[in-house]
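Trainee: If you scroll down you'll find the structure; I have some questions about it.
The values are calculated or read from the model by the stated rules, or taken from the named source; none is laboratory data. All values derive from a computational prediction rather than experimental measurement. All Cβ positions, even for glycine, are placed from backbone atoms using ideal geometry, and neighbour counts span all protein chains on display.
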Amino acid sequence: MSTGTALRRAGRGLLIVCASLSTAMASETIIETPGPAGPLQGALIGAAPDAPTLVIVPGSGPTDRDGNNPLGVAAASYRLLAEALAGRGIASIRIDKRGMFGSKHALADPNHVTITDYASDVRAWVAKARAEEPSPKCVWVLGHSEGGLVGLAAAADANICGLILVAAPGRKLGDVLRAQLSANPSNAALIEEAFAAISSLEGGKNVDAGKLNPALAPLFQPAVQGFIIDAMSYDPAVLIAPLDKPVLILQGRRDVQVSVQDAERLKAAAPRAELVLLPDVNHVLKLVASDDRASNLATYANPSLPIAPGVVDAIAGFIERHSPPRR
């Protein structure tokens, strides 16, 4: 969930340099794998013999396989990242969440989910990636934002080469929400009420949204409170600690949603993980040259901006170093 836009986003909003690859060259194939009530859908790009494959897990709320959502995010970060990685010989599958977009038939109510459900879907996508032709030697999972928590929940039982956490929370969701709300001065009058609601949800108790300030209504919609309660029970640092697979923690210093503190907490819990902090990179992986909040948030709606320098090199380099040699 966005810091600055937390109170105007609905749904479960909680939380490149361009490669020399044309859209025509980066052909995309729509693929499916079984879901609970119907197929899950994703987009495969860059498949080649022995190419490592990356399953890209989207962030919070109604975020689609491209990294966009109908609530004002149109940065196309996942699509741009996938195209750039294809130029480096790395295939990817960008997935739609169960109950949404291409996966809308997988679940009647997209809010009736848990982190465990999403993790199960990630494992299904990993199995699907391994079954694709040409079959990859190595399958990786990349989780962005809330998708990082999902990736962590899936990683221990998934047949993957490793995990890449991009702008992923390192604290429990309640703590992240408090930090996000506090970071925006315009939320000052709502903090006490919002914090009380967060504490209630942390305790497993629903909140009467009708009694809250209307500005808080999108954040505490009754339909999503079950999901929030479940998500609040997970501690990313606890999940990452036992992982014995290669892990990359990638964090932008201009991110106004997830902080460097989150990345450092993940690193402290998993000392063997690789931590990369990128200056002037924000939550949607775009270049932001100043502390101006409005300029930062403006990039969320601009798909013409490329992925920020350093993001693709960090991800591709990590995969290349930790994948088996290609024939």
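Trainee: If you check ALA215, ALA189, ALA209, ALA197, which single one turns out to be touching a Pro at 6+ places or on another chain (Cβ under 6 Å) and not assigned by TED's automatic domain parsing to the domain that holds ASP255?
Mentor: ALA209 is the lone residue from the list that is touching a Pro at 6+ places or on another chain (Cβ under 6 Å) and not assigned by TED's automatic domain parsing to the domain that holds ASP255.
Trainee: While we're on this one: Need at least 3 residues that are farther than 22 Å from GLU274 by Cα and within 17 Å of the chain's Cα centre (by Cα) per element, so show me which strands (runs of 3 or more DSSP E) inside segment 76-180 make the cut, counting only ones lying wholly within it. Before you say what the answer is, go through the steps one by one.
Mentor: Details: elements: 91-95, 139-144, 162-166.
Counting at least 3 such residues, we get 91-95.
Trainee: Only one of GLY102, GLY162, GLY170, GLY151 is crowded, with 22+ Cβ neighbours inside 10 Å and under 22 Å from PRO39 (Cβ atoms). Can you tell me which? Walk me through it before giving the result.
Mentor: Numbers: GLY102 fails: crowded, with 22+ Cβ neighbours inside 10 Å; GLY162 fails: under 22 Å from PRO39 (Cβ atoms); GLY170 fails: under 22 Å from PRO39 (Cβ atoms).
When all the criteria are applied, what remains is GLY151.
Trainee: Kindly check whether there is at least one residue in segment 292-301 that is in the same structural domain as ILE90 (by TED's automatic domain parsing), closer than 30 Å to PRO49 by Cβ and either at pLDDT below 95 or out of contact with any Pro (no Cβ under 7 Å at 6 or more places or on another chain) (or both). Can you show your working first?
Mentor: From segment 292-301, those in the same structural domain as ILE90 (by TED's automatic domain parsing) are 292-301; that's our starting set.
The next check asks that each one be closer than 30 Å to PRO49 by Cβ; those that pass are none.
Within segment 292-301, none of the residues are in the same structural domain as ILE90 (by TED's automatic domain parsing), closer than 30 Å to PRO49 by Cβ and either at pLDDT below 95 or out of contact with any Pro (no Cβ under 7 Å at 6 or more places or on another chain) (or both).
Trainee: Under 7 Å by Cβ, and 6 or more places apart or on different chains, what pairs join a residue from segment 74-94 that is within 13 Å of VAL141 (Cβ to Cβ) with one that is of a type in the set (Phe, Trp, Tyr)?
Mentor: Correct list of pairs: ILE93/TRP125; ARG94/TYR78.
Trainee: For segment 273-291, check the following and say yes or no: at least one residue is out of contact with any Leu (no Cβ under 8 Å at 6 or more places or on another chain) and among the basic types (Lys, Arg).
Mentor: Scanning segment 273-291 turns up no residue that is out of contact with any Leu (no Cβ under 8 Å at 6 or more places or on another chain) and among the basic types (Lys, Arg).
Trainee: Still on this model: LEU248 - would you say it is touching an Asp or Glu at 6+ places or on another chain (Cβ under 7 Å) and under 28 Å from PRO279 (Cβ atoms)?
Mentor: Values: touching an Asp or Glu at 6+ places or on another chain (Cβ under 7 Å): yes; under 28 Å from PRO279 (Cβ atoms): yes.
Yes.
Trainee: Run GLU133 past the list (1) over 20 Å from PRO58 (Cβ atoms); (2) modelled with pLDDT of 95 or more and report the number of the one that doesn't hold.
Mentor: Only one criterion is unmet by GLU133, namely (2).
Trainee: Sticking with this one: For segment 53-99, what are the residues that are more than 17 Å from TRP125 (Cα to Cα), crowded, with 21+ Cβ neighbours inside 10 Å and of a type in the set (A, V, I, L, M, F, W, C)?
Mentor: Result: VAL73, ALA75, LEU80, LEU81, ALA84, LEU85, ALA86.
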